[in-house]
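Following: one structure in structure tokens, then a few remarks.
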Amino acid sequence: MSDMLWVKMPTTWVTEGVMKDQFSSLKFISADISALKIYMYLCLYSIPVTVRMSGNLDAKFYPITARFSDCITFAESTVTYDDIGNACSLSRKLISDGLKRLYSIGMVQKRGSTRKVIYAIQGSLNSGWAKLPKRELIKLSCQIGAFHSIKNRYSHERDGLKVYIFISNQD
């Protein structure tokens, strides 16, 4: 069971049109669904990390909003494939496809070694974020109940996830 009511989910990618452009393919519906599920799960189990910026900044890792401010808060998650599979009702193949999709779009970056993987969610938690209701989504045994009824095959399921994220982003 979750102890927090909600968590911050970076959503600048929604307002910049990435959701509309990258998650509307008729060919990759299952990869899109798994990518959206994984993104939400990573946000739910992430910890905020605040980094004070210095003159030397790796532009590949930090989002563009971080390059012009003193410090940036972003989210990192250290979940495993088994955690993602159990919570989101995804096979290892779908997890791999979803993560590859998130990497290619630039929404998540993988850091660390093969034993200790850290998923860095791109986007600032200082601005451009939405509230994700953690306590309502996470039920007993750390599973997201709503994700278990999604079959990962149909475009209307992907569109439902997109609408949920879009509505969460609204003020």
For region 100-123, how many residues meet the condition of being open to solvent by less than 80 Å² (accessible area, probe 1.4 Å) and in a loop (DSSP other than H, G, I, E, B)?
5
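Report whether or not Lys20 is part of a helix (DSSP H, G or I) and not hydrophobic (A, V, I, L, M, F, W, C).
Details: part of a helix (DSSP H, G or I): yes; not hydrophobic (A, V, I, L, M, F, W, C): yes.
For Lys20, the condition - part of a helix (DSSP H, G or I) and not hydrophobic (A, V, I, L, M, F, W, C) - is met.
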Here the residues within region 132-151 that are open to solvent by less than 70 Å² (accessible area, probe 1.4 Å) and among the charged types (D, E, K, R) are Lys134
Return the pair list, or none, for Cβ contacts closer than 9 Å from residues in region 1-24 that are farther than 19 Å from Tyr103 by Cβ to residues that are aromatic (Phe, Trp, Tyr), at least 6 apart or on different chains.
Val7/Tyr45; Lys8/Trp129
Going by the structure shown, is Ser124 in contact with a strand residue (DSSP E or B) (Cβ under 7 Å, 6 or more places away or on another chain), under 15 Å from Leu44 (Cβ atoms) and of a type in the set (Ser, Thr, Tyr)?
no
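Can you name every residue in region 116-171 that is touching a residue at least 60 places away in the same chain (Cβ under 8 Å), of a type outside the set (S, T, N, Q) and over 29 Å from Thr73 (Cβ atoms)?
Correct list: Leu140, Ile150, Arg153, Tyr154, Glu157, Arg158.
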Take Asp97 and decide whether it is open to solvent by 20 Å² or more (accessible area, probe 1.4 Å), out of contact with any Pro (no Cβ under 6 Å at 6 or more places or on another chain) and modelled with pLDDT of 95 or more.
yes
Are any residues in region 23-43 open to solvent by 30 Å² or more (accessible area, probe 1.4 Å) and part of a helix (DSSP H, G or I), and if so, which ones?
Ser30
Leu137 vs. criteria of a type in the set (A, V, I, L, M) and under 13 Å from the mean Cα position of the chain (by Cα)
no
Selection within region 1-17 - in a loop (DSSP other than H, G, I, E, B), open to solvent by less than 60 Å² (accessible area, probe 1.4 Å) and of a type outside the set (Ser, Thr, Tyr)
Gly17
Looking at region 83-126, which of its residues are within 13 Å of the chain's Cα centre (by Cα), over 17 Å from Gly17 (Cα atoms) and charged (D, E, K, R)?
Lys100, Lys110
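The values are calculated or read from the model by the stated rules, or taken from the named source; none is laboratory data. Just so we're clear, the structure is a prediction, and the values are computed from it rather than from any experiment. Note: ideal-geometry Cβ built from the backbone for every residue, glycine included; neighbour counts use all protein chains shown. SASA here: full protein model, heavy atoms, side chains in, ligands and nucleic acids out. Shrake-Rupley method; radii C 1.70, N 1.55, O 1.52, S 1.80 Å.
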